[in-house]
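This report concerns only the one structure given below.
We did not get these values from a lab; they are worked out from the coordinates using the rules stated. Since the model is a prediction, treat every value here as computed from it, not as a measurement. Don't worry about glycine lacking a Cβ; one is built from the backbone with ideal geometry, like all the others, and counts go over all protein chains shown.
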Amino acid sequence: MAAYRRILLKLSGEVLAGPSRFGIDPERIHSMAAELAELARANIQLGLVVGGGNFFRGVSAAAQNMDRVAADHMGMLATVINGIALQDALEKQGVQTRLLTAIQMNQVAEPYIRRRAVRHLEKGRVVIFAAGTSNPYFSTDTAATLRALEINADVVAKATRVDGVYDKDPMVHTDAVMFAQVSYQDVLARNLRVMDSSAVAMCRDNHLPIVVFNLTVRGNILRMAMGENIGTRIQQ
């Protein structure tokens, strides 16, 4: 039995790129869609927020000479590209999917309306939230937290390339220690860089738990949804 009724899953754009680290890798996105479809078939209501870093990041070196607002708007549009690709891959798995965007583009996707999003979830559709919050200076971590609160999700699940939250970067330090559980306050005080501090603070203030887990292990998405002890749980 699933541990959560409704999940908001945050994916980075880079996970769609595969080995090339740019664009969309067809094999990678269809493999991920197959895993996400398992949640839908288990009657778990699923909302997705995907970043756009496989195409463009507003705070990246590529945007250093640009106006920050213009760069952030480009990053938001990159998330729409990824959202369309995910929608297509999920529907090839037989999963009904709706793409909702914070920036209106009616020929491409539905505009984000909270009640409409909740209704789609109740009908068993996977809902992809794209274009961030539509406002510059806000990351997709913050957008994911905001959407999770708006749809009354039980958890924000942050999919990463490492097993969970560590006391230091495990890619650099071989002696890094992973936390099975950590408080919001420790994440903020120790600057553990799991999510943006504003996103963590929003979760803390609204008692919304965060689960950080390794997306690269096949089956981990379903294991997380079923409440298995994988990754790191962040709560009070």
Karplus 3J(HN,Hα) series, Hz, for the range 172-181 with 6.51 cos²θ - 1.76 cosθ + 1.60 (x for Gly, Pro)
10, 10, 6, 9, 4, 10, 8, 8, 6, 8
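Around Asp186, under 15 Å between beta carbons, what's the net of Lys plus Arg minus Asp minus Glu among the other residues?
Numbers: positive: Lys168, Arg190, Arg193, Arg204, Arg233; negative: Asp167.
Counting the neighbours of Asp186, the net charge comes to +4.
Nearest 5 is fine: what % of DSSP beta bridges in the chain come out antiparallel, could you say? Intermediate values should be presented prior to the final figure.
Working: 5 of 33 bridges.
Looking only at bridges with both residues in the chain, the antiparallel portion is about 15 percent.
Arrange His120, His30 by Cβ neighbour counts within 10 Å, fewest through most, would you? Can you show the working numbers first?
Numbers: His120 20, His30 15.
Going from sparsest to densest Cβ surroundings: His30, His120.
Can you give the alpha-carbon Rg of the chain over 2.2 N^0.38 Å, where N counts its residues?
0.95
Tell me the mean residue ellipticity at 222 nm calculated for the chain from its helices only (DSSP H runs of n ≥ 4, each -39500 (n - 2.57), averaged over every residue, nearest 500). Working shown, then result.
On the way: 7 runs with 82 residues, N = 236.
Here the helix-only value at 222 nm equals -10500 deg cm²/dmol.
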Mind checking the dipole of the range 6-235: about its Cα centre, +1 per Lys or Arg Cβ, -1 per Asp or Glu Cβ, Debye to the nearest 20?
480 debye
Alpha carbon centre of the range 128-150 versus the range 74-103: separation in Å?
14 Å
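How large is the convex hull of the C-alpha atoms of the range 74-210 per residue, in Å³?
Values: hull volume 18.7 nm³, N = 137.
Given the Cα convex hull of the range 74-210, per-residue volume reads 137 Å³.
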For the chain, built as a Gaussian network whose Cα springs stay under 10 Å, the top-fluctuating residue of Val15, Val187, Val69
Val69
Residue (of Leu215, Gly53, Thr97) at the positive-pole extreme of the range 6-235, dipole from beta-carbon charges:
Thr97
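In the chain, which whole DSSP H runs stretch at least 30 Å along their own axis (Cα) and average -0.5 or higher on the Kyte-Doolittle scale? Can you show the working numbers first?
Details: long enough: 68-92 (37 Å, 0.44).
Those that clear 30 Å and a mean of -0.5 are 68-92.
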Return the FRET efficiency for the residue pair Glu35, Arg190: r is the Cβ-Cβ distance, R0 is 45 Å, and the value is rounded to the nearest 0.05.
0.90
Cubic angstrom per residue, convex hull over Cα atoms of the range 1-138:
109 Å³
